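K.L.:
Okay, here's the structure, questions in a sec.
Coordinate-derived values only; no laboratory data. Treat the numbers as computed from the prediction; the structure is a model and nothing was measured. Backbone-built Cβ (ideal geometry, glycine too); neighbour counts: all protein chains shown.
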Amino acid sequence: MGSLMSSSYSPPYTLTPTILRAVSEISEAIGRLSVLSDTRLTPRLRRENRIRTIQASLTIENNTLTLYRWRPLFAYLPVETVIHERQEDYYRVLPEADNLAEATPFVEFILQALLDTIRGAVFTDQVSDQVARLIQALAAGEMGSSTLMNALGLSHRPTFRKNYLTPALEGGWIERTQPDSPRSPTQRYRLTDKAGRWLREQGK
């Protein structure tokens, strides 16, 4: 009976394109973080992130994530902090998942928070002058690539993509408004929470 139940069990979520994309990007980011962790995650950064994680854990329904049991490096990443900063979305997806009788919206939310946390650790303090200019330009609101180039005073698209757009996307500083259709003619870009925190730290 037990084997029959196990073979027919279906997880209470749907594998959407958003979930598959997030899992793929998380796997890639974990690989990069594992390589860099010994040199990039200094003792001070590890301690600060751990403190932020503990503080945030106490404010999210008295729960804490146990990802470190899967990968020890997660003990030093402030996943709960990122979730805490998105409490509005957190409490929005919970009833949404209840209404659907499946956890898909919540899984998508958690995976995105996890991805942003890992990216933040990999690219901490690595803001080039070009990316900094792009972040400051997008502080005015989301823009399409042509509008963004004009705001930056650029006319050469390959340079824009190589030195500005791609590093900002890979660093988790900006995100596409249509992540599942990266080549959409109506694609626009906006700042991530990480970029917002950087701007506040810079006093912009």
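K.L.:
Placing unit charges on C-beta atoms (Lys and Arg positive, Asp and Glu negative, everything else neutral), compute the dipole magnitude of the stretch 129-202 about its Cα centre in debye, rounded to 20. Provide the component values of the computation, followed by the final result.
P.N.:
Details: 11 positive and 7 negative charges, 32 e Å.
Its charge dipole is roughly 160 debye.
K.L.:
For a footprinting-style exposure proxy, rank 201, 108 by other Cβ within 10 Å, fewest first. Write out the running numbers ahead of the final one.
P.N.:
Working: 201 8, 108 19.
Listed from fewest to most nearby Cβ atoms, that is 201, 108.
K.L.:
Pulled fully out, how much extra length does the chain show between residue 129 and residue 184, if you take 0.36 nm times their separation in residues and subtract their Cα-Cα distance? Please report the intermediate quantities before stating the final value.
P.N.:
Working: separation 55, 0.36 × 55 = 19.80 nm, distance 2.76 nm.
Full-extension gain reported as 17.0 nm.
K.L.:
Sticking with this one: Which whole-Hz couplings ³J(HN,Hα) result when phi for each residue of the stretch 110-115 is put into the Karplus expression 6.51 cos²θ - 1.76 cosθ + 1.60, θ = phi - 60°, listed in order with x for Gly and Pro?
P.N.:
3J(HN,Hα) across the stretch 110-115, in whole Hz: 5, 4, 5, 5, 5, 4.
K.L.:
Taking amide H positions as placed in the peptide plane 1.01 Å from N, state which residues far from residue 102 in sequence (5 or more) or on other chains have amide H under 5 Å from it.
P.N.:
Close amide H contacts, sequence-distant or interchain: none at all.
K.L.:
Just the Cα atoms of the stretch 129-202: what Rg and Dmax do they give in Å?
P.N.:
Every Cα atom of the stretch 129-202 included, Rg and Dmax give 11.3, 34 Å.
K.L.:
Let me ask another. How far, in nm, would the chain grow between residue 154 and residue 197 when pulled straight, counting 0.36 nm per residue and subtracting the alpha carbon separation? Could the numbers behind the result be given before it?
P.N.:
Numbers: separation 43, 0.36 × 43 = 15.48 nm, distance 2.59 nm.
Length gained, residue 154 through residue 197: 12.9 nm.
K.L.:
Okay, moving on. For 89, 129, what's the fewest-to-most ordering of other Cβ within 10 Å of each Cβ?
P.N.:
Details: 89 14, 129 8.
If I rank by nearby Cβ atoms, fewest first, I get 129, 89.
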